[in-house]
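Shown next, in structure tokens, is the structure this report addresses.
The numbers here are math on the coordinates, done by the rules we state, and not lab data. Treat the numbers as computed from the prediction; the structure is a model and nothing was measured. As a convention, Cβ positions derive from the backbone with ideal geometry for all residues, glycine included, and neighbour counts pool all protein chains shown.
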Ligand SMILES: [Cu+2]
């Protein structure tokens, strides 16, 4: 039961994260849950190209046991690779796929983009990370082929 709820929440989050791009005019979901931030770690898998319409970073993140869903219910998220939006203040110029990073995920379920990385820093390469996969289906969507070569302007 718990797992089903977590998966449903995850899918809802991904839908918002991915589907919320560039649509414009989308109504923010209604939620009384106060904004919350999560300190997270993971490995960078991909970064959207510099000229991409929507700046995103794909990170294989560690589990987030304390994650709370749009209704305020505990919805632990397993380790998985997924795309994240970023606030404009986050500088990715020194970040590359393969880097281990720590980052702060700011979640405000009432916002048009509910989850964004608000800060991010690269960890030393030897930093151990824990990726305990469960039966939860990881996000298989991969960025477009050309996302690999980020334009050096
Ligand atoms: Cu996730």
To the nearest 0.05, what FRET efficiency results for residue 127 and residue 55 with a Förster distance of 30 Å applied to their C-beta separation? 0.75
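Going by a ≥ b ≥ c, the root eigenvalues of the Cα gyration tensor, does the stretch 24-132 fall in the rounded group (a/c under 1.5), the prolate group (a/b larger than b/c) or the oblate group?
Numbers: a/c = 2.22, a/b = 1.26, b/c = 1.75.
Because a/c hits 1.5 or more and a/b fails to exceed b/c, the stretch 24-132 counts as oblate.
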Once you place label points 7 Å from the Cα toward the Cβ at residue 32 and residue 111, how far apart are they in nm? 2.2 nm
